[in-house]
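S.K.: Sharing a structure here in structure tokens format.
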Amino acid sequence: MLQGLDDLYQEIILDHHRNPRNQGLVEPADLSAKGFNPFCGDQVVLTAGLDHSGHLAHVGMEGQGCAISQASASIMGELIKGKSLEEAEALVELFKQVMVGHELTVDEADQLGELAALEGVRNFPVRIKCALLGWSTLQDAIREFQKSSD
Ligand code: ZN
């Protein structure tokens with residue numbers, strides 16, 4: 001797939017691509033957004049439902065595209081479940097930082113879990129948009145939600 005990415009990391013990415021988690025849209029959804037990466041043709045539709053304390057209780061998505069875009073979105077769904085919107089946004093920011101070269105601390109790598117497998121994608125600039133697609137879509141969904149609940 002990508003020359004130079006660690007084999008173990010490729011395994012994690014391929015596993016999520018073959019068996020994406022949290023498939024199927026949440027209805028009715030409190031948050032939803034669609035993302036499209038024209039450079040690669042990747043698409044992600046993200047929906048989520050909040051519990052009474054404002055945490056992401058249900059996450060559902062549909063998408064198609066390259067392994068990196070779909071694996072990143074799948075891992076994201078697993079990571080954000082149970083998180084508050086603030087916590088989810090902090091993860092978006094952290095992952096964006098990683099894509100522009102931020103070296104993860106042990107603590108941060110812990111927070112990102114399997115997502116750390118995508119760290120090496122930053123060495124392939126044309127694929128960074130693929131890795132970030134699900135995350136930008138999440139950010140859009142959170143912003144829309146916050147705008148509508150003001
Ligand atoms: Zn892609």
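S.K.: Starting from residues that are loosely packed, with under 12 Cβ neighbours inside 10 Å and within 13 Å of the ligand (Cβ to nearest atom), keep the ones in region 114-150 and report whichever is farthest from residue 33 (Cα to Cα).
M.R.: 125
S.K.: Just checking, which of 50, 46 is at pLDDT 95 or above and touching a Lys or Arg at 6+ places or on another chain (Cβ under 8 Å)? Give the derivation first.
M.R.: Values: 50 fails: touching a Lys or Arg at 6+ places or on another chain (Cβ under 8 Å).
After applying the criteria, what remains is 46.
S.K.: Spot the failing condition for residue 17; the list is (1) part of a helix (DSSP H, G or I); (2) within 16 Å of the ligand (Cβ to nearest atom); (3) under 11 Å from the mean Cα position of the chain (by Cα), and only one is missed.
M.R.: That leaves (3) as the condition not met.
S.K.: On the given criteria, is residue 23 within 15 Å of the ligand (Cβ to nearest atom) and either in contact with a strand residue (DSSP E or B) (Cβ under 8 Å, 6 or more places away or on another chain) or β-branched (Val, Ile, Thr) (or both)?
M.R.: Considered against the rule, which asks whether it is within 15 Å of the ligand (Cβ to nearest atom) and either in contact with a strand residue (DSSP E or B) (Cβ under 8 Å, 6 or more places away or on another chain) or β-branched (Val, Ile, Thr) (or both), residue 23 comes out as no.
Rundown of residues vs (1) within 16 Å of the ligand (Cβ to nearest atom); (2) touching a Ser or Thr at 6+ places or on another chain (Cβ under 8 Å); (3) in a loop (DSSP other than H, G, I, E, B), yes/no style:
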| site | (1), (2), (3) |
| --- | --- |
| 10 | yes, no, no |
| 28 | no, no, yes |
| 34 | yes, yes, no |
| 69 | yes, no, no |
| 78 | no, no, no |
| 90 | no, no, no |
| 107 | no, no, no |
| 112 | no, no, no |
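S.K.: Taking only pairs six or more apart or across chains, which ones have beta-carbon atoms under 7 Å, a first residue in region 27-45 that is among the acidic types (Asp, Glu), and a second residue that is within 10 Å of the ligand (Cβ to nearest atom) and part of a loop (DSSP other than H, G, I, E, B)?
M.R.: 42/65; 42/66
S.K.: Also, quick follow-up: Quick check, is residue 46 under 12 Å from the mean Cα position of the chain (by Cα) and assigned to a strand (DSSP E or B)? I'd like the intermediate steps shown before the answer.
M.R.: Numbers: under 12 Å from the mean Cα position of the chain (by Cα): yes; assigned to a strand (DSSP E or B): yes.
Criteria met by residue 46.
S.K.: Then there is this: Give the residue that is nearest to the ligand (Cβ to nearest atom), with candidates limited to residues of region 38-62 that are surrounded by fewer than 20 Cβ atoms within 10 Å (Cβ to Cβ) and closer than 28 Å to residue 128 by Cβ.
M.R.: Of all residues in region 38-62, those surrounded by fewer than 20 Cβ atoms within 10 Å (Cβ to Cβ) come to 38-41, 43, 45, 49-55, 57-58, 60, 62.
Among the residues that remain, those that are also closer than 28 Å to residue 128 by Cβ are: 38-41, 43, 45, 60, 62.
Details: 38: 10, 39: 7, 40: 3, 41: 7, 43: 10, 45: 16, 60: 21, 62: 16 Å.
Ranking the qualifying residues of region 38-62, first place goes to 40.
The values are calculated or read from the model by the stated rules, or taken from the named source; none is laboratory data. Worth saying up front: this structure is predicted, and the values here are computed from it rather than measured. With ideal geometry, Cβ positions are generated from the backbone for all residues, glycine too; neighbour counts draw on all protein chains shown.
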